[in-house]
Amino acid sequence: MTDLTNNPSSADSADYGEDTVWVQEIAFIDSVPRWIAMTFVFLVFIGTWQFVTSFGFVSPIILPTPLETLLDMIFVGKNLVTGGYMLTSLWITMLEVFYGFALAIAIGFTLGVLVGETAFGEKAVMPYLVAIDTMPKVAFAPLFVAWLGFGIESKVALAAFIATFPIVVGTAAGLHAADENARMLFKTMGATRMQTLIKMKLPMGLPQIFTGLKIGAVGVMAGAITGEFLGGGKGFGELIRIAASQLNTPRVFSLIFYLSFVGLALYLVVQFTQRKVVFWHKERVGSHDG
Amino acid sequence: MSTALAYKETGAPLGAPVYELNRVSKTYARNLVVALEDVDLTLRHGSFTSVIGSSGCGKSTLLKIMAGLIPPTQGRVVLQGEPVTGPRRDIGMMFQQATLFPWKTAVENILLPIEIRDGKAAAKAALGRANKLLDMVGLQGFENVYPNELSGGMAQRASICRMLITEPAVLLLDEPFSALDELSRDMMNMELQRICREQDATAFLVTHSIQEAVILSDEIVVMKPRPGRVAEIVKVDLPRPRTLEMMTTPKFGEIVEYIRGQLDKGEDM
């Protein structure tokens, strides 16, 4: 039993006891905590950034140094905290996102139920939705500006327009998630169509519906900002556009940084709601439960 | 039209007829496949009947007709003196999958048929009955557990309760334990026998397993495909209550062999 010739690390074999001939090897990355690995990647990223900028590979007008960006982030942060003009802009953008998302949920869910639940919707309406969904939807932005003007409405409309489709598709797909057994069971119980929808199909489809909501949450941000780029106004997108036109790249970077906080917050709100509502469904993405 | 049906003496066990089928046929309009042809069947009160046959012999069609899920093309389908024209409260059904809904606790799942038919208040009123059923299947203490935390066997026990909560006159069992491992399956079959005796239930089981059919049934309906029809009804005169040990007796083996022979005969058609 003490045939240690197979053991590549026979020198340390004394640690493993007499009967151990084949020692399980643990990959290095598995032994490193996630936060250390993430910090490492972050440092490499900042290091490369610093290297590229401070040695003059890239003009400072195109790419500011990490320090410049940090200082500008502090400046923008101060303005936001003290209720400066940037906070007003951020508030406008957040309102656009909020109204756009609410509108997208209302329209998307209703349309999704109609399409997913009726044979007519499935047959006649769904192909159009899929066709529109494949279009680059931001291209509609000038149209919304022409229809609704330069105010908040055109941005809300574009944001809602972009976010509606994933919610429709998610809801329609969710209604088809119920398996044959569940449908048969509800039939044997003499359930009405409404009961089947509310008590079985919708709850069973919630995971897909929330997937649609998450994709929509990402899209609604993109819609609002695109709307601001193209339709002016007083939102955060306008601040970014102005900063970029003045070649104030540190400002652009820090504005984007704060903007992504809003997007992340919205996404996390949806995810948190999902965990509360769909408590029985364990997500298998694993990126947040590492 | 009458195909030669080799009837054995069926020697009806026990009580009065509960479920009667006369010359029931089913032709699917879509592809003109004759799924069932002239099926005659009588389920008597307190009896356990199994149907066995290769796939395509029409046994699921038969079950769906008996459950009131699809109409027959021809024939009489009568349960407790009333023609079956749709799903009914006095028909209980159980599937291969437990099909418990993960957002409801065990007891809420069991009360679902009442909730659907009579509303939430009636379901609340039936809570005591649901708990009694849970006790009977050995799930006491699991009332408020979500299905995710139940094993496959426990989930099927809960779905037995859900089937029984409306106090049906007939139990239609569609391969209820075939998704379980063999050890659990044997145990659940014995449980099923006990529950059927306690409830004095009339049961109708669709299965792929000859052994399972023989150990549980008073009568076994052997079906053949193309067109789906009853080839023979075999009476199982093993004493009750049945035990798993009976599966090793020569008599049991004889019946199993006989049915296997009957099933094989159809294969060259």
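The values are calculated or read from the model by the stated rules, or taken from the named source; none is laboratory data. Nothing here was measured: the structure is a model prediction, and the numbers come from that model. Glycine also receives a Cβ, built like all others from the backbone with ideal geometry; neighbour counts cover every protein chain displayed.
Could you list, in sequence order, the residues of the range A:173-189 that are more than 8 Å from chain B (Cβ to nearest Cβ) and closer than 18 Å to residue B:163 by Cβ?
A:180, A:183
Taking the range B:95-147 only, how many residues are surrounded by fewer than 18 Cβ atoms within 10 Å (Cβ to Cβ), more than 10 Å from chain A (Cβ to nearest Cβ), out of contact with any helix residue (DSSP H, G or I) (no Cβ under 6 Å at 6 or more places or on another chain) and of a type in the set (D, E, K, R)?
6
Looking at residue A:64 and the list (1) in contact with an Asp or Glu (Cβ under 9 Å, 6 or more places away or on another chain); (2) assigned to a helix (DSSP H, G or I), which single condition is not satisfied?
With (1) in contact with an Asp or Glu (Cβ under 9 Å, 6 or more places away or on another chain); (2) assigned to a helix (DSSP H, G or I) applied to residue A:64, the lone miss is (2).
Within the range B:110-123, can one find any residue that is in a loop (DSSP other than H, G, I, E, B), farther than 24 Å from residue B:196 by Cβ and at pLDDT below 95?
Within the range B:110-123 (the criterion being in a loop (DSSP other than H, G, I, E, B), farther than 24 Å from residue B:196 by Cβ and at pLDDT below 95), the answer is yes, since at least one residue qualifies.
Consider only pairs whose beta carbons are under 8 Å apart and that are at least six residues apart or on different chains; among these, list those whose first residue lies in the range B:127-148 and is farther than 17 Å from residue B:163 by Cα and whose second residue is in a loop (DSSP other than H, G, I, E, B) and of a type in the set (Val, Ile, Thr).
Listed pairs, sorted by first residue: B:144/B:105; B:145/B:105; B:146/B:105.
I'm checking my understanding of the structure. Among residues of the range B:173-218 that are among the hydroxyl-bearing types (Ser, Thr, Tyr) and surrounded by fewer than 22 Cβ atoms within 10 Å (Cβ to Cβ), which one is nearest to residue B:250 (Cα to Cα)?
So, considering only residues that are among the hydroxyl-bearing types (Ser, Thr, Tyr) and surrounded by fewer than 22 Cβ atoms within 10 Å (Cβ to Cβ), the one nearest to residue B:250 (Cα to Cα) is B:209.
Going residue by residue through the range A:196-208, is there one that turns out to be β-branched (Val, Ile, Thr), surrounded by fewer than 22 Cβ atoms within 10 Å (Cβ to Cβ), touching a Leu at 6+ places or on another chain (Cβ under 9 Å) and modelled with pLDDT under 95?
Checked the range A:196-208: no residue is β-branched (Val, Ile, Thr), surrounded by fewer than 22 Cβ atoms within 10 Å (Cβ to Cβ), touching a Leu at 6+ places or on another chain (Cβ under 9 Å) and modelled with pLDDT under 95.
Of the residues B:86, B:92, only one is of a type in the set (Gly, Ala, Ser), within 14 Å of chain A (Cβ to nearest Cβ) and part of a strand (DSSP E or B); which?
B:92
Among the residues of the range A:238-249, are any touching a helix residue (DSSP H, G or I) at 6+ places or on another chain (Cβ under 8 Å), surrounded by fewer than 17 Cβ atoms within 10 Å (Cβ to Cβ) and within 13 Å of residue A:86 (Cα to Cα)?
Checking the range A:238-249: not a single residue is touching a helix residue (DSSP H, G or I) at 6+ places or on another chain (Cβ under 8 Å), surrounded by fewer than 17 Cβ atoms within 10 Å (Cβ to Cβ) and within 13 Å of residue A:86 (Cα to Cα).
On the basis of being out of contact with any helix residue (DSSP H, G or I) (no Cβ under 6 Å at 6 or more places or on another chain), away from every other protein chain (no Cβ under 13 Å), touching a residue at least 12 places away in the same chain (Cβ under 8 Å) and not in a strand (DSSP E or B), does residue B:75 make the cut?
Spelling it out, it is not the case that residue B:75 is out of contact with any helix residue (DSSP H, G or I) (no Cβ under 6 Å at 6 or more places or on another chain), away from every other protein chain (no Cβ under 13 Å), touching a residue at least 12 places away in the same chain (Cβ under 8 Å) and not in a strand (DSSP E or B).
What number of residues in the range A:190-233 are assigned to a helix (DSSP H, G or I) and away from chain B (no Cβ under 14 Å)?
22
Quick check, is residue A:157 without any contact (Cβ under 8 Å) to a residue 12 or more places away in the chain and either closer than 17 Å to residue A:216 by Cα or buried (at least 23 other Cβ atoms within 10 Å of the Cβ) (or both)?
Details: without any contact (Cβ under 8 Å) to a residue 12 or more places away in the chain: no; either closer than 17 Å to residue A:216 by Cα or buried (at least 23 other Cβ atoms within 10 Å of the Cβ) (or both): yes.
No; evaluated as a whole, the condition is false for this residue.
Which condition does residue B:208 not pass, out of (1) farther than 19 Å from residue B:197 by Cβ; (2) within 20 Å of the chain's Cα centre (by Cα); (3) at pLDDT 90 or above, if it passes all the others?
Residue B:208 satisfies all of (1) farther than 19 Å from residue B:197 by Cβ; (2) within 20 Å of the chain's Cα centre (by Cα); (3) at pLDDT 90 or above except (3).
Taking the range B:42-68 as the region of interest, how many residues are within 14 Å of chain A (Cβ to nearest Cβ) and in contact (Cβ under 8 Å) with a residue 60 or more places away in the chain?
Going through the range B:42-68, the residues within 14 Å of chain A (Cβ to nearest Cβ) turn out to be B:60-61, B:63-68.
Now drop any that are not in contact (Cβ under 8 Å) with a residue 60 or more places away in the chain, which leaves B:60-61, B:63, B:66-67.
Qualifying residue count, the range B:42-68: 5.
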